[in-house]
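Working notes, structure below.
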Amino acid sequence: MSAEIEIGRSKRARRAYSFDDIALVPARRTRDTRDVRVSWQVDAYHVELPVMAAPMDAVMSPQTAILVGRLGGIGVLDLEGLWTRYEDPTAALEQIRAAPAQEATRVLQEVYAPPVRAELITERLTQIRRAGVVVAGRLSPGSTLRHWRTVVEAGVDLLVIRGSVVSAEHVSGSAEPLNLKRFIYELDVPVVVGGVTTYTAALHLMRTGAAAVLVGQGGGASSSIRQVLGLHVPMATAVSDVAAARRDYLDESGGRYVHVVADGSVGSSGDVVKAIACGADAVMLGAALARAQEAPGGGYYWGPEARHERLPRGYRSVVGTVGSMAEILNGPSDQADGTLNIMGALRRTLATTGYADVKELQRVEVVLAPYARTESWPPQPLDGGVGAL
């Protein structure tokens, strides 16, 4: 039973925890790092690393999506981003990077004003497919019905429907909402859907037939959803609650396993480890990969929420550059802050706790051990970002 705290005479609140509030406990057994496995399987696709790269233009271009695929993860391209609005988005990216801090949001709104072009969706996904890696693309819930046929015909392997908050029971009096259950049932392509942060919402999404659910509200280090909308669920609690929904749905469905992907507050290797310990099968990395030398953002970071034409819910923030995409994911590292060799750290944790693979690590003992991050970590946004990973 979760203890509740009285906020006032009419309101009580459940205590929730972030990744900074918890820590893993070493077990009685240790292993050689060469004997542990970090791979996972989503639908028909065996993936060497439990990593999906976030569909943000600061992180993923067709080239970096291919690179992440070749390094062992899954790169997800934003199919409503710059690469499907411009033949060549180089000038648009430079405009975003060069904007003064106080004008960055307005510049984002202007740069993203041109419409998404169906022929560019096809061109970008075809480019990724030709590279021989898993082809994954993201659509927002509001644009899925408009673009899904183009995406499927272009040969996408995984369709990611990602928004700040996604539910299986959207109600609208002005337009026909996306019926996720019917849509997924009639689609031949596996669907990853989110964000979601609660047990009940996750259980309903699992019942739609989704192959995986994303836990979080998007935006990550650039998000201002808590300040603008007042919404926030700390990720350790959110991942654990959704993992409980997966367990119960496994019994309810007679054995259908839905993967849980932590999508938010995963800024370092320690966060990746804690997300898996709370029940995630994989993580979606945004800011962590935006620090790569190859990242289109060039040390800047922003999400789809930051460019909204009427109610922006995010910032363009500075995350800097720490190394290549290969060094961030697979090392080697010359930093002690968890920004490089993320998978090496995960393997080390598996070895230290005695578990053989990522799935087993979900059984690790966890303790409450809150701590304040140092001034040197995380790297702080320099132009108005919130800095919370």
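The values are calculated or read from the model by the stated rules, or taken from the named source; none is laboratory data. Quick caveat, the model's predicted, so the values are computed rather than measured. Note that we place each Cβ from the backbone using ideal geometry, even for glycine, and neighbour counts take in every protein chain shown.
Of the strands (runs of 3 or more DSSP E) lying entirely inside the range 180-264, those containing at least 1 residues that are over 23 Å from residue 361 (Cα atoms) and not basic (Lys, Arg) span 191-196. Return the residue satisfying two criteria in turn: it lies in the range 18-37 and is in contact with a strand residue (DSSP E or B) (Cβ under 7 Å, 6 or more places away or on another chain) and either closer than 30 Å to residue 190 by Cα or hydroxyl-bearing (Ser, Thr, Tyr) (or both), and of such residues it is surrounded by the fewest Cβ atoms within 10 Å (Cβ to Cβ). Across the range 18-37, the extreme among qualifying residues is 37. Checking the stated criteria, residue 74 turns out to be in contact with a helix residue (DSSP H, G or I) (Cβ under 9 Å, 6 or more places away or on another chain) and of a type in the set (Val, Ile, Thr).
Scan the range 99-108 for residues that are surrounded by fewer than 15 Cβ atoms within 10 Å (Cβ to Cβ) and part of a helix (DSSP H, G or I) and the total you get is 3. The single residue among 306, 288 that is assigned to a helix (DSSP H, G or I), over 26 Å from residue 335 (Cβ atoms) and touching a Gly at 6+ places or on another chain (Cβ under 9 Å) turns out to be 306.
The set of residues in the range 20-33 being within 11 Å of residue 366 (Cα to Cα) and part of a helix (DSSP H, G or I) consists of 21 alone.
Applying a threshold of 8 Å to beta carbon distances and a minimum spacing of six or more residues, or different chains, the list of pairs starting in the range 302-317 at a residue that is among the aromatic types (Phe, Trp, Tyr) and ending at one that is in a loop (DSSP other than H, G, I, E, B) and surrounded by fewer than 24 Cβ atoms within 10 Å (Cβ to Cβ) reads 315/224; 315/381; 315/383; 315/384; 315/386.
Test each condition in (1) under 21 Å from residue 361 (Cβ atoms); (2) in contact (Cβ under 8 Å) with a residue 24 or more places away in the chain for residue 41 and report the one that comes out false. Of (1) under 21 Å from residue 361 (Cβ atoms); (2) in contact (Cβ under 8 Å) with a residue 24 or more places away in the chain, only one is false for residue 41: (2). Keeping to the range 291-303, report how many residues are in a loop (DSSP other than H, G, I, E, B), in contact with a strand residue (DSSP E or B) (Cβ under 9 Å, 6 or more places away or on another chain) and farther than 26 Å from residue 213 by Cα. Selection size over the range 291-303: 2. Exactly one residue out of 321, 339 is of a type in the set (Ser, Thr, Tyr), outside any helix (DSSP H, G or I), surrounded by 23 or more Cβ atoms within 10 Å (Cβ to Cβ) and at pLDDT 95 or above: that is 339. Against the test of being in contact (Cβ under 8 Å) with a residue 24 or more places away in the chain, in a loop (DSSP other than H, G, I, E, B) and touching a strand residue (DSSP E or B) at 6+ places or on another chain (Cβ under 8 Å), the options 275, 280 yield a single qualifying residue, 280. Given the criteria modelled with pLDDT of 95 or more, not basic (Lys, Arg) and not in a loop (DSSP other than H, G, I, E, B), does residue 56 qualify? Judged against the criteria, residue 56 is not a match. Taking residue 249, is it free of Cβ contacts under 8 Å to residues at least 12 places away in the same chain and touching a Leu at 6+ places or on another chain (Cβ under 8 Å)? Against the criterion (free of Cβ contacts under 8 Å to residues at least 12 places away in the same chain and touching a Leu at 6+ places or on another chain (Cβ under 8 Å)), residue 249 does not qualify.
Residues are listed down the side, and each one gets a yes or a no for (1) polar (S, T, N, Q); (2) at pLDDT 95 or above; (3) outside any loop (DSSP other than H, G, I, E, B); (4) surrounded by 15 or more Cβ atoms within 10 Å (Cβ to Cβ):
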position	(1), (2), (3), (4)
88	no, yes, no, no
97	no, yes, yes, yes
125	no, yes, yes, yes
129	no, yes, yes, yes
168	no, no, no, yes
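I'm trying to understand the selection: among the residues of the range 181-204, which are within 20 Å of residue 260 (Cβ to Cβ) and aromatic (Phe, Trp, Tyr)? Within the range 181-204, 199 is the sole residue that qualifies. Give me a count of the residues in the range 131-160 that are over 15 Å from residue 180 (Cβ atoms) and part of a helix (DSSP H, G or I). Summing the residues that are over 15 Å from residue 180 (Cβ atoms) and part of a helix (DSSP H, G or I) in the range 131-160 gives 7.
Checked against (1) part of a helix (DSSP H, G or I); (2) surrounded by fewer than 22 Cβ atoms within 10 Å (Cβ to Cβ); (3) at pLDDT 95 or above, residue 113 meets all criteria but (1).
Per-residue answers, yes or no, for (1) farther than 19 Å from residue 139 by Cα; (2) within 17 Å of the chain's Cα centre (by Cα):
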| residue | (1), (2) |
| --- | --- |
| 49 | yes, yes |
| 64 | no, yes |
| 71 | yes, no |
| 74 | no, yes |
| 82 | no, no |
| 92 | yes, no |
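Going through (1) surrounded by 24 or more Cβ atoms within 10 Å (Cβ to Cβ); (2) over 19 Å from residue 222 (Cβ atoms); (3) out of contact with any Phe, Trp or Tyr (no Cβ under 8 Å at 6 or more places or on another chain); (4) of a type outside the set (Lys, Arg) one by one, residue 282 falls short only on (3).
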